[in-house]
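Here the structure comes first, spelled out in structure tokens, and everything after it is commentary.
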Amino acid sequence: MGSQYIDVVIFALVAVFIGLRLRSVLGRRTGNERPPRQFGPMNGSAGGPVSGGTVTPLRPGPGGFTPPVIEGKAVPVGGGGPGTELASIQAVDPSITPESFLAGARGAFAMVLRAFAQGDENALRPLLSDEVFENFARVIRGRRDAGEVCSNQLVDLVSAEIVEAEMAGRDAHVTVRFVSQQVIAVKDAHGAVVEGDPSKTVQVTDLWTFARDPRSRDPNWTLIATRSQDE
């Protein structure tokens with residue numbers, strides 16, 4: 001009994017630590033933030049992520065699927081690469097560093113995947129822009145209406161790398177390439193697998209773009225676009 005109690009306390013402390021870490025990097029909503037920025041429609045190119053866009057079908061990939069994808073024109077990067085553009089962002093807010101940003105981004109990646117698979121819209125809402133949230137929620141509700149159940153196990157987040165960054169007007173846009181190992185599957189109302197393979201681990205490469213006004217007191221980074229990148 002005593003050993004079980006100690007385990008519960010340890011797990012609780014770990015959960016609190018992770019929550020505080022994410023809050024310090026990606027921030028949290030207090031109800032007093034400025035209204036979310038509305039993004040215009042994409043131009044239709046499939047070169048990379050942009051703010052806004054329309055949802056595309058789930059990409060099956062090598063035996064699995066990923067959350068809804070928003071495809072569009074690639075975010076431009078300065079001639080010196082992401083490091084140069086990050087410097088321009090840091091000039092506005094010196095607290096933004098690659099290390100601290102990626103620490104929060106990795107946690108947010110796992111949280112979004114888990115919440116999407118579980119159909120937890122309340123967990124997704126604070127992390128996503130309005131448009132991305134509606135796209136994710138549309139898929140979740142369609143899955144629920146069809147009686148489908150999704151399982152998604154993040155086996156390993158192999159790498160997280162900043163590949164694009166820029167100041168877009170007042171907002172900082174940072175794109176991260178996530179390479180992960182996942183076990184993903186969708187079952188219908190009768191328990192039959194309709195997507196993915198619950199016995200197979202697949203590698204998935206995603207490009208996610210986060211945005212934030214570095215001049216704002218609101219510490220939140222918002223996921224504004226996603227794209228799955230084939231190997």
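Throughout, read-outs are computed from the coordinates displayed, never taken from laboratory work. No experiment lies behind these values; they were computed from the predicted model shown. With ideal geometry, Cβ positions are generated from the backbone for all residues, glycine too; neighbour counts draw on all protein chains shown.
Expected output is a single nm value to one decimal: the length gained when fully extending between Ser95 and Val193, i.e. 0.36 nm times separation in residues minus the C-alpha distance. What is it?
Working: separation 98, 0.36 × 98 = 35.28 nm, distance 4.58 nm.
Length gained, Ser95 through Val193: 30.7 nm.
In order along the range 123-138, phi translates into HN-Hα couplings of 6, 6, 3, x, 9, 10, 5, 4, 5, 5, 4, 5, 5, 5, 5, 4 Hz, rounded to whole numbers, per the Karplus curve 6.51 cos²θ - 1.76 cosθ + 1.60 with θ = phi - 60° and x for Gly and Pro.
Given R0 = 30 Å, the distance between the Cβ atoms of Asp156 and Ser216 translates into a calculated FRET efficiency of 0.30.
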